[in-house]
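Novice: Dumping the structure here so I can ask a few things about it.
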Amino acid sequence: MTWLKNPLNTVHRKQKDGFGHAVDLAPYPIDWNDLSRFDRMAALMMRAAAAEGVRITWGADWDGDGKPREKGESDSPHFQLAR
């Protein structure tokens, strides 16, 4: 299931540079209702990206203001290179 108008138009797929620009990650064991575990994983991903000098966006905080799901964002497993 996807909300994309064109499911083939996703940064998960190979881009012009030959690489996908997104990944979906979930803490194991997966409990889709325990959002605090996704939040902790996102904090670790953001720290790791910053340490490597890479800007990323998280699917539960699209505007990057540190307030997850404030505008109804719900793609907690999704991380992508910032555009």
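No value in this document is a laboratory result; all are computed from the given coordinates. Just so you know, these numbers come straight off a predicted model, no measurement behind them. All Cβ positions, even for glycine, are placed from backbone atoms using ideal geometry, and neighbour counts span all protein chains on display.
Novice: Straight-line reach only, C-alpha to C-alpha below 19 angstrom: list the lysines that Lys14 could link to, leaving out same-chain residues fewer than 8 apart.
Specialist: Lys5
Novice: Between region 34-61 and region 62-79, how many Å separate their Cα centres?
Specialist: 10 Å
Novice: List the residues, sorted by chain then number, that are 5 or more residues from Ile56 or on another chain and whose placed amide H is less than 5 Å from its amide H.
Specialist: Counting only residues 5 or more places away or on other chains, the set is Ala82.
Novice: Per residue and in cubic angstrom, what volume does the convex hull of the Cα atoms of the chain have?
Specialist: 121 Å³
Novice: Follow-up. Is there a quick way to get the dipole size of region 22-81? I mean about its Cα centre, with the Cβ of Lys and Arg at +1 and of Asp and Glu at -1; what is the value in debye to the nearest 20? Please list the in-between numbers first.
Specialist: Working: 7 positive and 11 negative charges, 32 e Å.
So the magnitude is around 160 debye.
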